[in-house]
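One structure is given below, encoded as structure tokens.
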Amino acid sequence: SNNKLNLPLTRIWGKDGIGYVQMRSGWEAGDTIIEFKCGDYFWSHQFHNQNSFTIYRKGRLAMQSGIYGAYWGDHVLNYYRPTIASNSVLVIDPDEDTWVPPDRANRSGVANKNGHIPEFGGQRSCYILPKIGSAENCFTWKKYLYRKTHDHHFETGNIVAYEEKAKYSYVMGDATMAYNNPSFAYPKNKPKIDLFTRQLLFIEGKYVVIFDRVNALNPSYKKRWLLH
């Protein structure tokens, strides 16, 4: 349909909410599609992938990796859902962990210590907290707004700058809150960063430029720049 030619090549959804931007070079089969994600956690079935991107051109060039398997299985808990499967950044605190119900982990054969499992450098989990419960998928808009700064701390990032021009599209995300940070750290963990911003620039539908600022609170924490 020729109607698609009138659609915008770049669009933003939920700048202060879920935080999603799509950029295109065009609407034909051989065109490039870039996705950028930086926003809040929303519910339990989601990735820890704030400030991540994907690129598609005649196939997946930079992708969200992994396979959805058993919801409480080893692959989902230790790879598919955590940041390591996304095109984002790891800051590795060797003592960092997360928590799942131990009965679920044991039933699925996932190694744990009373529900605690290691977190390899990624963003903090918001889908479940001890004594608070799961971030279930049925709740009101009012409850979502409450959860941004209470209980599960769904506030994990915002798109702080966005611009679309004839020759380029630009977005900047601040995902500091997605990691254990001075404002909020996951129970039994300590803050590890106080800054992670990412700027992505798509120029003339051909070139992608990415610039990150990451400040770890301990210089011994290794950083990993992920590209799948």
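The values are calculated or read from the model by the stated rules, or taken from the named source; none is laboratory data. All figures in this text were calculated on a predicted structure; none of them were measured in a lab. Every residue, glycine as well, gets a Cβ built from its backbone with ideal geometry; the counts of neighbours run over all protein chains shown. Accessible surface is based on the protein model in full, side chains and every heavy atom, while ligands, DNA and RNA are left aside. Shrake-Rupley method; radii C 1.70, N 1.55, O 1.52, S 1.80 Å.
Look at (1) of a type in the set (Phe, Trp, Tyr); (2) in contact with a Gly (Cβ under 7 Å, 6 or more places away or on another chain); (3) more than 18 Å from residue 186 (Cβ to Cβ); (4) at pLDDT below 95 and you find that residue 20 fails only one, number (4).
Residues of region 29-37 include none that is under 29 Å from residue 117 (Cα atoms) and part of a loop (DSSP other than H, G, I, E, B). Residue 77 falls short of the stated requirement of being open to solvent by 70 Å² or more (accessible area, probe 1.4 Å) and of a type in the set (A, V, I, L, M). Taken over region 60-72, the criterion of being open to solvent by 10 Å² or more (accessible area, probe 1.4 Å) and either assigned to a helix (DSSP H, G or I) or of a type outside the set (S, T, N, Q) (or both) is satisfied by 60, 61, 63, 66, 67, 68, 69, 70, 71, 72.
Against the definition (in contact with a Cys (Cβ under 9 Å, 6 or more places away or on another chain), part of a loop (DSSP other than H, G, I, E, B) and not charged (D, E, K, R)), how does residue 45 come out, yes or no?
Criteria not met by residue 45.
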